[in-house]
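These notes concern the structure reproduced below.
Every number in this text was worked out from the coordinates using simple rules, so none of it is lab data. Since the model is a prediction, treat every value here as computed from it, not as a measurement. Every residue, glycine as well, gets a Cβ built from its backbone with ideal geometry; the counts of neighbours run over all protein chains shown.
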Amino acid sequence: MLVTEIFRVALEAIRANKLRSFLTALGIIIGISAVIAMVALGEGAQRTVQARLASLGVNTLTVRPGQEFSGGVDRGDARLTAKDAEALMREPEAILNVSPVMQRRIQVEYGTGNGNLNVTGAWPSYFSISNSPLAAGRIFNQNEERGRRRVAVLGATAGDTLKASSMALIGQSIRIQGVPFEVVGVLAPKGSSGFQNPDDGIYIPLSTAQFRVFGTDRVQSIDVQAVSESQMDAALGEIDHVLRREHRRRPTQPSDFSVRNQTTLVQTFQETARTFSFLLAGIALVSLLVGGIGIMNIMLVSVTERTREIGVRKALGARRRDILLQFLIEALVLCLAGGLIGVGLGVGSAAALQRLAGWNTAVSIEAIVIAFLFSGAVGVFFGLWPARRAAGLDPIEALRYE
């Protein structure tokens, strides 16, 4: 028999039982659509995490006070001050920018509006380190920081808590813990990072925060920006050398501070998101394998039902490989048709999740191609046994079958 004739006979067999063919392919349809949707969901989550963490700053290191011990007794957190940040900038090599940071949630008022907002005291360099561009106005300068000026920069949505638009507050006076501050600028929106939302924050000069608002010269952390990503390790070594010298730590003593690498944090979240993507895809693949088993089961039933037909074909000269190819084509067509429909449903489901549920999804061409090819592989794998069983029937016994 010609290949085209075999293909035509296989399609006719599928069309002869439309409902059963559809129900047989339903497992593949559900499996493929689930794979596409789950992979799109995982990929979207990974991209979201990457974008939000990258928005916190590039090539950044965060120095935090460690635990201080005396005679084996924990004396609490060690001390970090603005002088440590100044020491890092005296003769920088791998360090580009530094900013000490102190934060606290404080009562902020404007007119009749008030609320607890995250107030950050920092140097002007903080905005470039944290990748925080301006939307309007200006940021405070070094002279205002040294002069303890009462000026503030608002996050994009900080004004909402104060019952006013952040843009409308430029040039106006707000009260932070009862102290009046002039709003001089508004930052562009960045979105929540999962840990905090910089859009809801208020940023003031560090010296003003220390002596007019917080009442302490201690800082919670020091943000450090390396010259480039390749210089991160060199910047880490430079921080360790300078701060150990400033804190008079002997070689045998452990450091009384810790340094967190922002790049490592991003990579950790990316790996976590990727692991969840594989987990979701694996769960979806189980339904695809179940669909393949369903196809094998129906094909075995089909072989039993068409035993006499197989005997007639063999009696008329059909070879073993012709019968094998016919049933294999039937299984392959069912799986590929189900895969094609499943791809459409999967892409549509991903779009629906993004529009209705607000989840970020990203459908990749690679995932579509792999899922479609996998459906074909399922058809070949699970269709091979029924096809070999049909091809191995004895024509005489098949003709006698009732």
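Give me a comma-separated list of calculated 3J(HN,Hα) values for the stretch 333-349, in order, Karplus coefficients 6.51, -1.76, 1.60 applied at θ = phi - 60°, integers in Hz, x for any Gly or Pro.
With the stated coefficients, the stretch 333-349 comes to 5, 4, 6, 5, 5, x, x, 5, 5, x, 4, x, 5, x, 5, x, 5 Hz.
Taking the Cβ of Arg149 as the center, what net charge do the other residues with Cβ under 11 Å away carry, scoring Lys and Arg +1 and Asp and Glu -1? All intermediate terms of the calculation are to be shown ahead of the outcome.
Numbers: positive: Arg146, Arg148, Arg150, Arg212; negative: Glu144, Glu145, Glu182.
Net charge in that neighbourhood comes out at +1.
Convert 10 °C to kelvin, take the viscosity as 1.306 mPa s, use the Kirkwood radius over C-alpha pairs of the stretch 79-255 as Rh, and evaluate the Stokes-Einstein diffusion coefficient in µm²/s, rounded to a whole number.
It comes out at roughly 94 µm²/s.
Taking the beta-carbon count within 10 Å as an exposure proxy, list Tyr110, Tyr203, Tyr126 from fewest neighbours to most.
By the 10 Å Cβ count, ascending, the order reads Tyr110, Tyr126, Tyr203.
Taking only C-alpha pairs under 8 Å that are 6+ residues apart, what is the relative contact order of the stretch 79-255 in percent?
Value for the stretch 79-255: 32 percent.
Less than 14 Å Cβ to Cβ from Gly346, Lys/Arg counted +1 and Asp/Glu -1: what total charge do the surrounding residues give?
-2
Working out 0.36 nm times the residue gap between Trp359 and Arg175, then minus their Cα-Cα distance, what length gain in nm do you get to one decimal? The partial results should precede the final answer.
Values: separation 184, 0.36 × 184 = 66.24 nm, distance 3.73 nm.
Residue separation times 0.36 nm, minus the Cα-Cα distance, leaves 62.5 nm.
Using a 10 Å cut-off on Cβ atoms, rank the peptides 385-391, 222-228 from the highest mean neighbour count down.
222-228, 385-391
Most exposed first by the Cβ proxy, i.e. fewest other Cβ within 10 Å, how do Ser173, Ser375, Ser130 rank?
Ser173, Ser130, Ser375
With a 10 Å radius around each residue's Cβ, average the other Cβ atoms per peptide and rank 92-98, 154-160, 41-47, highest first.
154-160, 41-47, 92-98
How large is the charge dipole for the stretch 146-220, taken about the Cα centre, if only the Cβ atoms of Lys, Arg (+1) and Asp, Glu (-1) carry charge, to the nearest 20 debye?
Around 340 debye, computed over the stretch 146-220.
Separation between the Arg148 and Arg47 pseudo-spin-labels, each 7 Å from Cα along Cα→Cβ, expressed in nm?
The two pseudo-label positions are separated by 5.0 nm.
Which order do Met38, Met296 fall in if you start with the one that has the fewest other Cβ atoms within 10 Å?
Met296, Met38
Taking amide H positions as placed 1.01 Å from N in the peptide plane, with prolines and chain starts having none, which residues 5 or more places from Ala135, or on another chain, fall under 5 Å of its amide H?
Hits under the 5 Å cutoff: Val186, Leu187, Ala188.
Within a Cβ distance under 12 Å of Thr81, other residues only, what is the Lys/Arg minus Asp/Glu net charge?
Summing Lys/Arg as +1 and Asp/Glu as -1 gives -1.
For Thr252 and Ser230, what does the FRET efficiency come to when R0 = 35 Å and r is the distance between their Cβ atoms, rounded to the nearest 0.05? Display every interim value, and only then the final one.
Values: r = 32 Å, r/R0 = 0.91.
About 0.65, to the nearest 0.05.
For Gly191, list long-range residues whose amide hydrogen, built 1.01 Å from N in the peptide plane, is under 5 Å from its own amide hydrogen.
Asp199
Just grab the label-to-label distance for Leu19 and Ala188, each label 7 Å out from Cα along the Cβ direction, in nm (one decimal).
Label-label distance for Leu19 and Ala188, simple model: 6.0 nm.
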